[in-house]
Amino acid sequence: MYKFLVTGGAGFNGGNFCHYMVNKYPDDVFVCLDALTYAGNMETLAPILDKPNFSFVHGNICDRELVFSLFEREKFDFVVNFAAESHVDRSIENPRIFLETNILGTQTLMDACRKYGIRRYHQVSTDEVYGDLPLDRPDLFFTEETPIRTSSPYSASKAGADLLVMAYHRTFGLPVTVSRCSNNYGPYHFPEKLIPLVIKKALADEPIPVYGNGANVRDWLHVHDHCTAIDCILRKGRDGEVYNIGGHNEKSNLEVVRTILHALGKPESLITFVKDRAGHDLRYAMDPTKIMTELGWKPQYTFETGIGPTIQWNLDHQDWLANIISGEYLRFMEKNYRRN
Ligand code: NAD
Ligand code: DAU
């Protein structure tokens, strides 16, 4: 029996990970620590709240006293850190909170790991730490050796955290792993991000804001496959290693938007080109060879098999969507798209 701390479990990826792990490992125990920011919602955890191997703690990963007392009480075997400010557009509006949560929060968790002991600290990171690739070089992919070269305050904060995690491994011998995943989509995705935003707006027959000319490319991985990859790293990964996660599902933003509009039977005339995101990364594309060959992981979904069920999930869970939209979310959306 292992005890896990999952931070950020009331968000999109962390929530899906909690669902997956709590059901898959009934003999292990999972504690979720989440500050319930605008992006965190208890509604996301509702399906597992009554499971005997799951409990929720409301708190901030930057709160040293709370984090240390939680570690002292629970004696965790594994820590999986999903807690983060995750939206690039918000990091352009207000970088500070990104540095606090994403870097200092990570440090607080690792200090607690050092003090109380741990089998493994896992940092959930992103392909964005590698910067971007040119659109006219489809032969290029990010590997674990690609230099860190960030574009946004968000990606800089994630890269800062990754470097700190590796420094705690080298300097203090902390047993750590880092995963860098490409763009995720799937159930419980907060509707400020492209795919759930497009579904929400299309259903309401509202204009779909496409930044710039829509040619930017993202490498889409279903969130279920992100969860299985992290599980695999926790069980089989080597301390001090970075693992890229992706499934070679590159699509331009326009392709993604058109796919969703067609699936919903909505007209392409809803597409509205708006001012580009500042510093907008052109293309992400992951090389997942290391995790596939060393750890035997492989994704279950392609974009073509994953997008349909994701759209259907949104159609079936409009109550979830209605419940999570706070006043803060509405304020941000109003301000961000007015800027455009
Ligand atoms: P999200 O914004 O949906 O959820 C973040 C969660 O963290 C929320 O529940 C929020 O309440 C919580 N949180 C924020 N600040 C906190 C704090 N100080 N203390 C405790 N909890 C806090 O994010 P997401 O998209 O699920 O991303 C989760 C992680 O996965 C992030 O580290 C992100 O960098 C990484 N990631 C995301 C993607 C993606 O496509 N979404 C891809 C690769 C990596
Ligand atoms: O690559 C992993 C990253 O993916 C994660 O680390 C981030 O946490 C996650 O938010 C995501 O970052 P992106 O910036 O790629 O995702 P987003 O959904 O914000 O945007 C996807 C693409 O769509 C991007 O090129 C910008 C564009 N876009 C986005 C929005 C919200 C639009 O054209 N219009 C929009 O309204």
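The values are calculated or read from the model by the stated rules, or taken from the named source; none is laboratory data. None of these values were measured; they are calculated from a predicted model. We place every Cβ from the backbone using ideal geometry, glycine too, and count neighbours over all the protein chains shown. Ligands, DNA and RNA are stripped out before the accessible areas are found, and what is left, the full protein with its side chains, is counted by its heavy atoms. Shrake-Rupley method; radii C 1.70, N 1.55, O 1.52, S 1.80 Å.
List of remarks:
- Qualifying residue in the stretch 119-129 (condition: within 18 Å of PRO288 (Cα to Cα), among the aromatic types (Phe, Trp, Tyr) and either open to solvent by 10 Å² or more (accessible area, probe 1.4 Å) or at pLDDT 95 or above (or both)): no
- Checking each residue of the stretch 177-184 against the condition of being surrounded by 18 or more Cβ atoms within 10 Å (Cβ to Cβ), under 18 Å from the mean Cα position of the chain (by Cα) and under 16 Å from ILE260 (Cα atoms) gives at least one match.
- Unique residue being of a type in the set (A, V, I, L, M, F, W, C), open to solvent by 30 Å² or more (accessible area, probe 1.4 Å) and over 14 Å from PRO187 (Cα atoms) when the list is ALA46, ALA35: ALA35
- Whichever residue in the stretch 139-160 is hydroxyl-bearing (Ser, Thr, Tyr) and in contact with a Phe, Trp or Tyr (Cβ under 8 Å, 6 or more places away or on another chain) and, among such residues, is nearest to ligand 2 (Cβ to nearest atom): TYR154
- Selection status of GLU145, under 16 Å from PRO288 (Cα atoms), of a type in the set (Asp, Glu) and open to solvent by less than 60 Å² (accessible area, probe 1.4 Å): no
- Pairs, first surrounded by 11 or more Cβ atoms within 10 Å (Cβ to Cβ) in the stretch 311-331, second assigned to a helix (DSSP H, G or I) and basic (Lys, Arg), C-beta under 7 Å, six or more apart: LEU321/LYS200
- When residues of the stretch 235-266 are limited to those that are away from ligand 1 (no atom under 16 Å from the Cβ) and acidic (Asp, Glu), the one least open to solvent (accessible area, probe 1.4 Å): GLU241
- Residue check for LEU140: surrounded by fewer than 19 Cβ atoms within 10 Å (Cβ to Cβ), over 12 Å from the mean Cα position of the chain (by Cα) and hydrophobic (A, V, I, L, M, F, W, C): yes
- Checklist (1) within 20 Å of CYS181 (Cβ to Cβ); (2) touching a residue at least 24 places away in the same chain (Cβ under 8 Å); (3) open to solvent by 30 Å² or more (accessible area, probe 1.4 Å) applied to ASP281, failing item: (3)
- Residue match in the stretch 152-160 (condition: open to solvent by less than 20 Å² (accessible area, probe 1.4 Å), in contact with a Leu (Cβ under 9 Å, 6 or more places away or on another chain), at pLDDT 95 or above and under 30 Å from MET333 (Cβ atoms)): yes
- Residues in the stretch 102-111 that are within 13 Å of ligand 1 (Cβ to nearest atom) and either open to solvent by less than 20 Å² (accessible area, probe 1.4 Å) or outside any helix (DSSP H, G or I) (or both): ASN102, GLY105, THR106, THR108, LEU109.
- Within the stretch 272-304, considering residues that are β-branched (Val, Ile, Thr) and out of contact with any helix residue (DSSP H, G or I) (no Cβ under 9 Å at 6 or more places or on another chain), the one nearest to ligand 1 (Cβ to nearest atom): THR302
- Qualifying residue in the stretch 76-85 (condition: at pLDDT 95 or above, away from ligand 1 (no atom under 13 Å from the Cβ) and in a loop (DSSP other than H, G, I, E, B)): yes
- Residues located in the stretch 272-302, provided they are of a type in the set (A, V, I, L, M), part of a loop (DSSP other than H, G, I, E, B) and either out of contact with any Pro (no Cβ under 9 Å at 6 or more places or on another chain) or at pLDDT below 95 (or both): ALA278
- When residues of the stretch 161-193 are limited to those that are more than 16 Å from ligand 2 (Cβ to nearest atom) and part of a strand (DSSP E or B), the one nearest to ARG114 (Cα to Cα): VAL176
- Within the stretch 208-257, strands (runs of 3 or more DSSP E) holding 2 or more residues that are in contact (Cβ under 8 Å) with a residue 12 or more places away in the chain and more than 24 Å from GLU145 (Cβ to Cβ): 208-211, 250-252
- Of ASP27, ASP89, all but one fail to be at pLDDT 95 or above, in a helix (DSSP H, G or I) and surrounded by fewer than 23 Cβ atoms within 10 Å (Cβ to Cβ); the exception is ASP89.
- Against the list (1) in contact (Cβ under 8 Å) with a residue 24 or more places away in the chain; (2) near ligand 2 (Cβ under 9 Å from one of its atoms), the condition LEU197 fails is (1).
- Qualifying residues in the stretch 270-314 (those that are within 22 Å of THR146 (Cα to Cα) and aliphatic (A, V, I, L, M)) - the one farthest from ligand 2 (Cβ to nearest atom): LEU295
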